[in-house]
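S.K.: My structure is below; once you've seen it, I'll send some questions.
The values are calculated or read from the model by the stated rules, or taken from the named source; none is laboratory data. Note that this is a predicted model, so its numbers are computed, not measured. Reconstructed Cβ throughout: ideal geometry from the backbone, glycine too, with neighbour counts over all protein chains shown.
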Amino acid sequence: MTYTPHVPYVPTPEPVVRKMLEIAKVGPEDIVYDLGCGDGRIVITAAKEFNAKKAVGIDINDERIKEALENVKKNGVEGKVIIEKGNFFDVDLSEATVVTMFLLTNVNEMLKPKLEKELKPGTRVVSHEFEMRGWTPKEVVKVEDGNMNHIVYLYVIGEHK
């Protein structure tokens, strides 16, 4: 049986979304996967503003999926953004060049073996607020959104230990 994470839905503030994609240096050659995509804001921004080749959002919650699909349509990025309902522990991430997440430390901990097994060297992993314990970040950036400070961690597979 696959582990089903229970992560509260807290939308990533826009300045943090942009910083996550910026430090990952997302561009036209990238395939971005957002684990627990919520309303789709990261994958939509990746496609619309960073010109990612493809962006895939995965979420388990029907409400979030509905909201994300509406936002994809509203932003006119249907050809580049795919929203999938499912448990990201069950999704093949091997085509990703960038993986973004705003999960919890214990979920990140459980994801590490999957990321190490499926992601190619050079793949960027960006975590909002929660570090990947035991991995060495390439970059740690503080982002202020007007209300509070956030921390964004950038890891690169193959250079993360």
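S.K.: With respect to residue 79, determine if the residue is at pLDDT below 95 and closer than 21 Å to residue 53 by Cα.
M.R.: For residue 79, the condition - at pLDDT below 95 and closer than 21 Å to residue 53 by Cα - is met.
S.K.: Does residue 41 satisfy the criteria of being basic (Lys, Arg), under 24 Å from residue 6 (Cα atoms), in contact with a Cys (Cβ under 9 Å, 6 or more places away or on another chain) and in contact (Cβ under 8 Å) with a residue 24 or more places away in the chain?
M.R.: no
S.K.: Quick check on region 1-46: of everything there that is of a type in the set (Asp, Glu), modelled with pLDDT of 95 or more and under 17 Å from residue 71 (Cα atoms), which residue is surrounded by the most Cβ atoms within 10 Å (Cβ to Cβ)?
M.R.: Among them, the one singled out is 34.
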